[in-house]
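Structure, as structure tokens:
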Amino acid sequence: MPIIKSAKKRVRVANKAATRNSKTKRNLKTALKAFNAKPASTSHKTAQSKIDIALKKGVISKHKAARLKSRAAAQAKNSKVNLSDAAKKTNKKPVASKGTVKKTIVKKPTQKKTKS
């Protein structure tokens, strides 16, 4: 058991994070199992959403997320699930990448100080 105050806090914070991560992992696994049992457009959409959430929270790596999404899409395609219906239901607008957006900064000319 830690003695130092900061070490005690680290234990508390680590326990909270472990609980949060295990809940995210459990949600991901249940969504994937539901999709594998019965591939439908709604379960595919849910599975992809849970994968994205786990990726965003840092529970899984980006490579694993890409692999899981690819396998789910291939499985959905083989089971003749209409993925376009699920894609049409999401009303997301395309987002420009950071590299394409340029911010222009306009500097105001400084006034010359005159001696009075």
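Taking each residue as 0.36 nm, the span from LYS33 to GLN111 lengthens on full extension beyond its C-alpha to C-alpha distance by 21.3 nm. Under 8 Å for C-alpha pairs, at least 6 residues apart: give me the relative contact order for region 5-89, rounded to a whole percent. Reported as a whole number, the value is 29 percent. In this structure, the amide hydrogen of ALA40, modeled 1.01 Å from its nitrogen in the peptide plane, lies closer than 5 angstrom to no residue at least 5 positions away or on a different chain. Using r as the Cβ-Cβ distance of ALA73 and ALA7, and R0 as 41 Å, what FRET efficiency do you calculate, to the nearest 0.05? So the FRET efficiency works out to roughly 0.35. Projecting the Cα atoms of THR46, SER61, LEU32 onto the dipole axis of region 5-89, where Lys and Arg carry +1 and Asp and Glu carry -1 at the beta carbon, places SER61 farthest toward the positive end.
Bear in mind these aren't lab numbers, they're just calculated from the coordinates by the rules spelled out. Every value quoted in this text rests on a predicted model; they were computed, and no experiment measured them. All Cβ positions, even for glycine, are placed from backbone atoms using ideal geometry, and neighbour counts span all protein chains on display.
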